[in-house]
Amino acid sequence: MKRVDDFRLRFGKQELVPIIVGGMGVDISTAELALEAARLGGIGHISDAMVQAVSDRRFDTKFVSAKLKQYKANVASSDKSSVHFNLAALEEATRNHVGRAMQAKRGEGMIFINVMEKLTMNAPRETLRMRLSAALDAGIDGITLSAGLHLGSFALIEDHPRFRDAKLGIIVSSQRALALFLRKNAKLKRLPDFIVVEGPLAGGHLGFGLDWAQYDLRVIVAEIQQYLKTEQLDIPVIPAGGIFTGGDAAWFLEHGAAAVQVATRFTVARECGLPDKVKQEYFKASEDEIEVNTISPTGYPMRMLKGSPGIGAGIRPNCEAYGYLLDATGNCAYIESYNREVARHPKAKKISVKDKTCLCTHMRNYDIWTCGHYAYRLKDTTRRAPDGSYQLLSAEHIFRDYQFSTGNQIALPD
Ligand SMILES: Cc1cc2nc3c(=O)[nH]c(=O)nc-3n(C[C@H](O)[C@H](O)[C@H](O)COP(=O)(O)O)c2cc1C
């Protein structure tokens, strides 16, 4: 029986263990987690979601309070069009976050950054260009473009000196989206270095509608492999979403995948950014406590634990401090929902907003517990203490379990 360690991911002459820990914002896939994946010879992701808040928390910078101070007069207004990011601050925060991770990197693996297009930041092109170029400047090994079609993203950095040497990849959920991306980018003569194919069982935002259960990662991967073959394109294909055991991963590698991207198993690693209390919620979750809903203002369905405190909360929008989801005209679907509820209950001290959530604030505070479909199996990956709590795992333990176990076996910690 084959195992993951029988395979290698090849980028030119470089060989890696074909395990990629996927990006998990906001700072759930921490630098510590990514560093472990790289040390063990695979690829780890950090994420640039809410990078200014992440820099403040980790490096004692004051980006969030400075932005809030600048726009304080606007807090009560529902028109957020004037609330803009300072590009120099965005650059500095990105350099802090990426630079420190890259300085700490040891071993043969790589560190990539997950960059979501849906973080439109009230100036989509300018902010995205800055995020991408600052990450390249700070030495990131590669960039994974996600949550959005990213049709123009490569062009934003085509003049960057590292445009052809850094590894640039995209996440797609269909052959159609991939074909569109390749067509739009043909004139740049720069193919993606890898394609993550994310299926319907993944965590975070989904590239599917509420009919996600009708799709099958294996089928989508096969369609994309066939398409690439027909087009005579040799680009590593990396399935993601619901790959829970080493055996699951080996199956894809035996069927032509170059590597796998995994995330949910690592949410209960000590190195993962979620608070320990929240990690216990992930362990405890049963299958019927996990749902795909439409409360994300991005418009994409998102999978999460039903007990997430951010579901139904009715806090005032925090765009002056954060504002990562403001679109090109300064709107966010949460603001509309919030205003509607305030108008309905003018005298209420506290309101509840059910259809959308203030994703920036709640992700920043670890109050939206997004997870993959198989999060309910996490309890089977560890031991339980007499007090009922679950033992946290090391990232190394989980990584090596993917690398060396066979079939549906999962190694328990010592
Ligand atoms: C807690 C969590 C947060 C995530 N956040 C992001 C994100 O910010 N950007 C992104 O592209 N994917 C995100 N994902 C998706 C993962 O990177 C990955 O592709 C997917 O979850 C793999 O499936 P698995 O979790 O079943 O292993 C997230 C997944 C989880 C579990």
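Just a few scattered comments:
- Entry for the chain at q = 0.09 Å⁻¹: log10 I(q)/I(0) = -0.52, Debye formula applied to identical alpha-carbon scatterers, no solvent contribution.
- Scalar couplings 3J(HN,Hα) for region 314-322, obtained by applying the Karplus form with A = 6.51, B = -1.76, C = 1.60 to θ = phi - 60°, are x, 6, 5, x, 10, 5, 5, 7, 10 Hz; x denotes Gly and Pro.
- Taking the fewest neighbouring Cβ atoms within 10 Å as the starting point, the ordered list for H45, H84, H373, H160 is H160, H84, H373, H45.
- Its relative contact order, with pairs defined as Cα atoms under 8 Å and 6+ residues apart, puts the chain at 20 percent.
- Averaged over residues, the count of other Cβ atoms within 10 Å places the peptides 14-25, 337-348 in the sequence 14-25, 337-348, highest first.
- Annotation: the residues D387, D248, D288, D355, sorted from fewest to most other C-beta atoms within 10 Å of their own C-beta, follow the order D387, D288, D355, D248.
- By the Cα gyration tensor, region 22-171 has an equivalent ellipsoid whose semi-axes, rounded to whole angstrom, run 26, 18, 13 from largest to smallest.
- In the chain, the DSSP beta bridges split such that about 30 percent are antiparallel, to the nearest 5.
- When you count the other C-beta atoms within 10 angstrom of each residue and take the mean per peptide, 57-70, 193-206 line up highest first as 193-206, 57-70.
- Basic side chains Lys and Arg get +1 at the Cβ, acidic Asp and Glu get -1 at the Cβ, and with that the dipole of region 60-200 about its Cα centre reaches some 200 debye.
- For peptides 28-35, 297-304, sequence by mean Cβ density within 10 Å, most packed first: 28-35, 297-304
- Mean residue ellipticity at 222 nm, helices only, the chain: -9500 deg cm²/dmol; runs of at least 4 DSSP H residues each add -39,500 (n - 2.57), and the sum is divided by the number of residues.
Each value in this text was obtained by applying a stated rule to the coordinates, not by laboratory testing. All values reported here derive from a predicted model rather than from experimental measurement. So basically every Cβ, Gly included, is an ideal-geometry build from the backbone, and we count neighbours across all protein chains shown.
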